Amino acid sequence: MDAAKEEFLRDFGEHYGYPNGPKSVDQIRATEFKRLQLQDLVYLDHAGATLYSDLQMESVFNDLTTNLYANPHSQSDSSSATLDIVKNARQQVLDYCNASPKEYKCIFTSGATAALKLVGEAFPWSCNSSFMYTMENHNSVLGIREYALGQGAAAIAVDIEGELHPEISGETITTKISPHQVQRRKVAGSLKEEPTGDVYNLFAFPSECNFSGLRFDLDLVKIIKEDSSKILGISSVCHGQWMVLIDAAKGCATMPPDLSKYPADFVAISFYKLFGYPTGLGALIVRNDAAKLLKKTYFSGGTVSASIADIDFIKRREGIEELFEDGTVSFLSIVSIRHGFKILNSLTVSAISRHIASLALYTRKMLLAMRHGNGSSVCILYGHHNSMKLCHEMGPIISFNLKRPDGSWYGYREVEKLASLSGIQLRTGCFCNPGACAKYLGLSHLDLISNTEAGHVCWDDLDIINGKPVGAVRISFGYMSTYEDVKKFVDFVASSFMSPQIHIDHGNQMKGLDKGFVDTGYYLKSITIYPIKSCGGFSASSWPLSNNGLTHDREWILKSLTGEILTQKKVPEMGFISTFIDLSQGMLFVESPRCEERLQIRLESDVYGVIEEIELYGQRYEVYSYDNETNSWFSEAIGKTCSLLRYSSFDQDFMLNKIKGAATCRDPKNKLNFANEAQFLLVSEESVSDLNRRLSSDVQKGIYGKVMQVSASRFRPNLVVSGGRPYAEDGWRYIRIGNKYFSSLGGCNRCQIINLTINAGQVQKSNEPLATLASYRRVKQGKILFGILLKHVSIDGEQQKGDFWLHVGQDVHPD
């Protein structure tokens, strides 16, 4: 055991690892989560979905294969037995939250979101009602606002604060609720009037914020229900009865609400966040008196005792569960949850909470201690409050962003990308919690609107706008998380983002190179053409140029049945397809080990004649299609129904005017076939050799312990040059090859496709060479550059003289 773990155990050994449980956490990981070790993964997204265990799934499988479960709405013996198990499952859910069946009922839903939606659509809103919610709430809670506003009710977001008051008998903390602006919509027939009947209001908060991990004290339930007039302080919304909704989808995993102490009216639960399986199942725990106030409109099978088809007559069922569970419940999923609860009960929720808390506390401590060489902080954590009684604990979520030594931010997508290369699974963004995101990141309404106008949407790659992060990095722990998970994550942050000393970064072009390299002349080592995008290419000693780049380069693409343009990122089997063009025969030859016959496509006459339009990388193309026989060949080759399309032309006006700023193309003013960014990609043989030298070092080993070496072809270049110093191409602005001139468009940003290899007919994926490139070729924007993009240019607008061919062996003259 290393010294760091010994220190950790000295501080947290009493709580870490289930010392009094039936199994230690190490035994649990070794026997029930073998897949993590087999795939060498660290999973830190338990707030998104925790993991199911092998033992749990074996129990589910044995249960479903040895017992007969049937629709509980039928009357057979199997149906009756299933109904009994569903009833037992309801009781298990109530027991988990210490809710008496005399006071509460469990309604099964398709998830926590469906439970929240049910409350929103059935709540007795009126123009005098109010919906109040904390800023830290998931979008699924914010969506209730639409129901409230649609019925003329008010909606108010609030911040919860605690104020410290010194008293003679000691310090006391009072609760303060700070409201944001009141939201209302003009709804026909809903002008606000003096209340003539009962008025019902709803207050919603999460038991644990899924952005920051802050836990709200459940005393809020009693405060809102019993003392709302003093605490709310908004005269326009103080009348009527207040009801309380707790979103426990995240918090329930480690601290389920005790409803015997905190009598909330509604609690939303998600089971896959408790024990990983089943998905698509949640529950709404509802107080009986609150359920009687809900107004159900739709009826379905199972929710009515009687209905008549041709007149307006229905008699609804009186049971709360029966009334609100539309159709047949997901009874096989409901049967499965008892096996998940068995896992939690064997460890106990309190032991799970202590175990996870030890990991979270230790990780926060390590991240906050990280310093760059100049003394500045590496990590900024979100969610810490010094004096807030009602948000006084932190759950097993850590949300943060990372800073450079100069104070600028690393983009969270860069962190996620590098973490994935290191086998660490985490989450980035705002986590569907816009209020908490804006609050902790200091984003104003103006910032949020301008970010949206700049094109930023959920799940995109825009992580820094106007120098500010628009989201964060989030890690979260589950009951099977270990110290080793934490150590690997902390080591990853330190090695990838902590700068040990102050240095000037010039793009890392020459970083780490040994002395002794001698500049020599450059020449063109190879030419490669890729006729079909993302399929294999072929080399040629000479090849003609066209207005679009190398003649016939990426002139064809494959399109799926749904219209998606296929690439190796999503269909690695495309790498099995090899191509060759014989210009003298005017023929494209295509082969695949999955197809018996070699496909021959004439360059001039085999197109089917139908012209259609597609959009790709911000450009609109006109393309030709092929006959069914050709399409069937490619479908067999990649194991996916697809069709072959050929470039005809593209609409430059569309690209420049209609979606300006959205295109990924670096060369918008020149004609392109189906290249991602530019007409040509150039790689240096010396740069590849330097990469291989790094891969051969003691700390950079490939799979199976063998030293990994890559060839230039791994990077799918059109042009490979030889000579000079490694990475000298980074500084080139123009180059001449023979009598042809090219302009550099900058470095090529690399993705995980370079980690794919084909060996013995199988696609294999590793972390290399991208992980090694990331260690020394990462630039400030988080891009990992290797090779440069080129476009063909003319001199002074004149057409160049001579032949329009490139030839292997030609001299290459930079600038």
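Under 6 Å between Cβ atoms, which residue pairs at least 6 apart in sequence (or on different chains) link something in the range 225-246 that is more than 21 Å from Gly120 (Cα to Cα) with a partner that is at pLDDT below 70?
Short answer, once both residue conditions are applied: Ser229/Cys238; Leu232/Cys238.
Conditions: (1) among the polar types (S, T, N, Q); (2) farther than 16 Å from Ser228 by Cα; (3) modelled with pLDDT of 95 or more. Thr196 meets all but one. Number of the miss?
Just one mismatch for Thr196, condition (3).
Regarding the range 110-124, can at least one residue be identified that is more than 26 Å from Phe271 (Cα to Cα), over 30 Å from the mean Cα position of the chain (by Cα) and not aromatic (Phe, Trp, Tyr)?
Within the range 110-124, one or more residues are more than 26 Å from Phe271 (Cα to Cα), over 30 Å from the mean Cα position of the chain (by Cα) and not aromatic (Phe, Trp, Tyr).
If you go through the range 449-477 one residue at a time, how many are over 23 Å from Val493 (Cα atoms) and open to solvent by 70 Å² or more (accessible area, probe 1.4 Å)?
6
A quick yes/no check of all residues on (1) open to solvent by 70 Å² or more (accessible area, probe 1.4 Å); (2) under 30 Å from Lys342 (Cβ atoms); (3) in a loop (DSSP other than H, G, I, E, B); (4) in contact with a Cys (Cβ under 8 Å, 6 or more places away or on another chain):
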position	(1), (2), (3), (4)
Leu294	no, no, yes, no
Phe299	yes, no, yes, no
Ser307	no, no, no, no
Glu318	yes, no, yes, no
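Hand me the list of helices (runs of 4 or more DSSP H) wholly inside the range 1-86 holding 3 or more residues that are charged (D, E, K, R) and either in contact (Cβ under 8 Å) with a residue 40 or more places away in the chain or surrounded by 12 or more Cβ atoms within 10 Å (Cβ to Cβ) (or both).
The qualifying helices (runs of 4 or more DSSP H) are 25-32, 54-66.
Every residue, every condition in (1) in the same structural domain as Leu603 (by the TED database); (2) touching a Cys at 6+ places or on another chain (Cβ under 9 Å); (3) crowded, with 17+ Cβ neighbours inside 10 Å, yes or no:
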residue: Pro544; (1), (2), (3): yes, no, no
residue: Asn547; (1), (2), (3): yes, no, no
residue: Leu550; (1), (2), (3): yes, no, yes
residue: Leu561; (1), (2), (3): yes, yes, no
residue: Leu566; (1), (2), (3): yes, yes, yes
residue: Lys569; (1), (2), (3): yes, yes, no
residue: Pro572; (1), (2), (3): yes, no, yes
residue: Ile577; (1), (2), (3): yes, yes, yes
residue: Ile581; (1), (2), (3): yes, no, yes
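Can you name the strands (runs of 3 or more DSSP E) wholly within the range 344-438 that have at least 1 residues being more than 22 Å from Lys273 (Cβ to Cβ)?
Output list reads 379-382, 397-402.
Quick grid of which residues meet (1) basic (Lys, Arg); (2) assigned to a loop (DSSP other than H, G, I, E, B):
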| residue | (1), (2) |
| --- | --- |
| Leu524 | no, no |
| Gly536 | no, yes |
| Ser539 | no, no |
| Pro544 | no, no |
| His552 | no, yes |
| Lys559 | yes, no |
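The values are calculated or read from the model by the stated rules, or taken from the named source; none is laboratory data. Not measured: the values here are computed from a predicted model. Cβ atoms come from the backbone with ideal geometry, glycine included; neighbour counts cover every protein chain shown. For accessibility, only protein heavy atoms count, side chains too; no ligands or nucleic acids. Shrake-Rupley method; radii C 1.70, N 1.55, O 1.52, S 1.80 Å.
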